[in-house]
Amino acid sequence: MLIPSLQYLFERDLNKLKEEIELYNNENNLWITDKNISNSGGNLCLHLIGNLKTYIGAELGETGYIRERDLEFSQKNTPRIDLLRAVEETKEIVLDTLTKLTEEDLHKEYTLVKNYPFKSTYHLLIHLTVHLGYHLGQINYHRRLLDN
């Protein structure tokens, strides 16, 4: 029963991520940082894409994706349309991968994340939904604060 809940949460929040990126009045404002705000909305979006394509896509879905985490925070000025396409692609990968998982798969050991105290796929997927929601809130706040 957990898999449908996870599918719902990931789909809802990835759709909300697309909406937040679309809501920026000025595309250039996606990349603004200011004072103590070191991550732009665009970089947080790239980070979420890389995170989900790695931990769900590459590891559970065997997509072959290779993460370049440093670029998630250093790359600038990716066109909005490319971000939106990447979010949609990520959503498809996540939902497709979750569809293929069984309840038994959820209890298998997931060892890629070393500093997380729980080692099952079940716990990792819960962690990833919280991580997505956390950064989604940051993007929303970034947009409302810096998108003048």
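What is the magnitude of the charge dipole of the chain about its Cα centre, with +1 placed on the Cβ of each Lys and Arg, -1 on the Cβ of each Asp and Glu, and no other charges, expressed in debye to the nearest 20? If you can, show how the numbers build up before the last one.
Working: 17 positive and 22 negative charges, 83 e Å.
For this selection, approximately 400 debye.
In degrees from 0 to 90, rounded to the nearest 10, what is the angle of the helix 41-52 Cα long axis to the longest principal axis of the chain?
10
What percent does the relative contact order of the chain come to when contacts are Cα pairs within less than 8 Å and at least six residues apart?
On the way: 160 pairs, mean separation 53.8, N = 148.
About 36 percent, as a whole number.
List the extent of the Cα atoms of the stretch 67-127 along each of their three principal axes, largest first, rounded to whole Å.
So the extents along the principal axes, rounded to whole Å, are 41, 27, 15.
Return the carbon/sulfur percentage of the accessible area of the stretch 19-123, one whole number, probe 1.4 Å, all protein chains in place. Each step should come with its number before you reach the end.
Details: 2850 of 5990 Å².
Carbon with sulfur: 48 percent of the solvent-accessible area.
Relative to the compact globular guide of 2.2 N^0.38 Å, what is the alpha carbon radius of gyration of the stretch 44-148, as a ratio?
On the way: Rg = 14.7 Å, N = 105, 2.2 N^0.38 = 12.9 Å.
Rg over 2.2 N^0.38 Å, computed on Cα atoms: 1.14.
Give me the count of lysine pairs in the chain whose alpha carbons sit under 27 angstrom apart, restricted to pairs 8 or more positions apart or on different chains.
26
For the chain, what is the mean residue ellipticity at 222 nm derived from helices alone (per DSSP H run of n ≥ 4: -39500 (n - 2.57); sum divided by total residues; nearest 500 deg cm²/dmol)? If you can, show how the numbers build up before the last one.
On the way: 6 runs with 91 residues, N = 148.
Only helices count here, giving -20000 deg cm²/dmol.
Which residue fluctuates most in the GNM of the chain (Cα springs below 10 Å): H135, H47, H107?
Of H135, H47, H107, the Gaussian network model singles out H107 as fluctuating most.
Please turn the phi angles of the stretch 125-135 into ³J(HN,Hα) values with the Karplus equation 6.51 cos²θ - 1.76 cosθ + 1.60 (θ = phi - 60°), one per residue in order, whole Hz, x for glycine and proline.
Karplus values, whole Hz, x for Gly and Pro: 5, 5, 4, 5, 5, 5, 4, 4, x, 4, 6.
Hey, in the GNM for the chain with a 10 angstrom Cα cutoff, which one of K16, K108, K91 fluctuates hardest?
K108
Which of V94, G42, G64 sits closest to the plus end of the dipole of the chain, meaning its Cα is farthest towards the positive end, when Lys and Arg get +1 and Asp and Glu get -1 on the C-beta?
Towards the positive end, the residue furthest out is G42.
The values are calculated or read from the model by the stated rules, or taken from the named source; none is laboratory data. Worth saying up front: this structure is predicted, and the values here are computed from it rather than measured. Don't worry about glycine lacking a Cβ; one is built from the backbone with ideal geometry, like all the others, and counts go over all protein chains shown. The protein model used for the area step is the full one, side chains on, heavy atoms only, and it has no ligands, DNA or RNA in it. Shrake-Rupley method; radii C 1.70, N 1.55, O 1.52, S 1.80 Å.
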